[in-house]
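To start, the structure itself, in structure tokens.
The values are calculated or read from the model by the stated rules, or taken from the named source; none is laboratory data. This one's a predicted model, so the numbers in the text were calculated from it and none came from an experiment. Note that we place each Cβ from the backbone using ideal geometry, even for glycine, and neighbour counts take in every protein chain shown.
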């Protein structure tokens, strides 16, 4: 953790944090020859907000990664994507010291529309990240086709039996 970050970033809820993101993350995943996902990750601190407009240009959708210990810190990201009408899902990043929260509590705290998929994940685990991206793609496809979800999309993560999306079909990732 840099001294500059200690002065500007509130880390009171993450006492074990020793490092901070200094720029952005980038990834590229080829799902099929015709389907390639370009992934951009930005830090959530307000001082990095200037990057969001550049990265979000042309974006089809977003995953808002919410720290279960600081759910209320996600208002700015939600406002950003809602204002720009970029579809998004919410993935609550769960850690062993995370408080017990339910999807309904997260929806209430963040005042989310019931059509916004919400779930739990562990962003440190590849299978959880895969399930989260599948949930985003499912949400985007359903929106593009005008189909409503029969059930809320749920990404079930740590402390639960499996992860995946639960809509019309179950995607089980173990």
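Can you confirm whether the stretch 123-144 contains a residue that is at pLDDT 75 or above, touching a helix residue (DSSP H, G or I) at 6+ places or on another chain (Cβ under 9 Å) and within 15 Å of residue 91 (Cβ to Cβ)?
yes
Could you please give the count of residues in the stretch 66-86 that are touching a strand residue (DSSP E or B) at 6+ places or on another chain (Cβ under 9 Å), surrounded by fewer than 17 Cβ atoms within 10 Å (Cβ to Cβ), within 25 Å of residue 141 (Cβ to Cβ) and touching a residue at least 24 places away in the same chain (Cβ under 8 Å)?
Of the residues in that region, 1 qualify.
Would you please name the residue that is nearest to residue 25 (Cα to Cα), looking only at residues in the stretch 97-122 that are in a loop (DSSP other than H, G, I, E, B) and touching a helix residue (DSSP H, G or I) at 6+ places or on another chain (Cβ under 8 Å)?
122
If you scan the stretch 37-60, which residues turn out to be surrounded by fewer than 18 Cβ atoms within 10 Å (Cβ to Cβ) and either part of a helix (DSSP H, G or I) or on the phi > 0 side of the Ramachandran plot (or both)?
Of everything in the stretch 37-60, those that are surrounded by fewer than 18 Cβ atoms within 10 Å (Cβ to Cβ) and either part of a helix (DSSP H, G or I) or on the phi > 0 side of the Ramachandran plot (or both) turn out to be 46, 47, 48, 50, 51, 53, 54, 55, 56, 58.
Only one of (1) more than 17 Å from residue 25 (Cβ to Cβ); (2) modelled with pLDDT of 85 or more; (3) surrounded by 14 or more Cβ atoms within 10 Å (Cβ to Cβ) fails for residue 94. Which number is that?
Going through (1) more than 17 Å from residue 25 (Cβ to Cβ); (2) modelled with pLDDT of 85 or more; (3) surrounded by 14 or more Cβ atoms within 10 Å (Cβ to Cβ) one by one, residue 94 breaks only (2).
Are any residues in the stretch 106-118 within 14 Å of residue 74 (Cβ to Cβ) and either under 13 Å from the mean Cα position of the chain (by Cα) or surrounded by 14 or more Cβ atoms within 10 Å (Cβ to Cβ) (or both), and if so, which ones?
Matches in the stretch 106-118: 106, 107, 109, 110, 112, 116, 118.
Assess whether residue 87 counts as being under 26 Å from residue 126 (Cα atoms) and at pLDDT below 85.
Criteria not met by residue 87.
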